[in-house]
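Any read-out appearing in this document is the output of simple, stated calculations on the displayed coordinates, not a laboratory observation. Because the structure is a prediction, the values reported are computed rather than measured. FYI the Cβ positions are ideal-geometry reconstructions off the backbone, even for glycines, and counts take in every protein chain you see.
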Amino acid sequence: MKKSYQIKVYGRVQGVGFRWFTQNLAQEYHIVGWVQNKNDGTVDMKIQGDAIDVTSFLEKLKQGPGPYSHVEKIIKQSIALFESNNFAIR
């Protein structure tokens, strides 16, 4: 069953390879959508995939790309399904 979410990630998530890390994770877990930096220092994304893959993706996302990043919290909000066939960095 497909799930779609709008995600906002707080912490040290800009300038540390977070979007690239997110795109690679999305490909690994067959997630479609996009990720982008926001002016307030957060990262926004829209994701969609099978429920189990989305859960695994979000668990790995919390770990971040390495020692220079730090995810403080992830806010997720359910949204309507959308059309996409890839995961883009914006």
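Worth pointing out:
- Amide N of the stretch 1-37 lying under 14 Å from the label point, which is placed 7 angstrom from the Cα of TYR68 along Cα→Cβ: 12-21
- Using a Förster distance of 30 Å, the FRET efficiency for GLU59-ARG90 (Cβ separation, nearest 0.05): 0.80
- Relative to the longest principal axis of the Cα atoms of the chain, the long axis of helix 51-63 lies at roughly 0 degrees.
- Rounded tilt (10° steps) of 18-28 against the dominant C-alpha axis of the chain: 30 degrees
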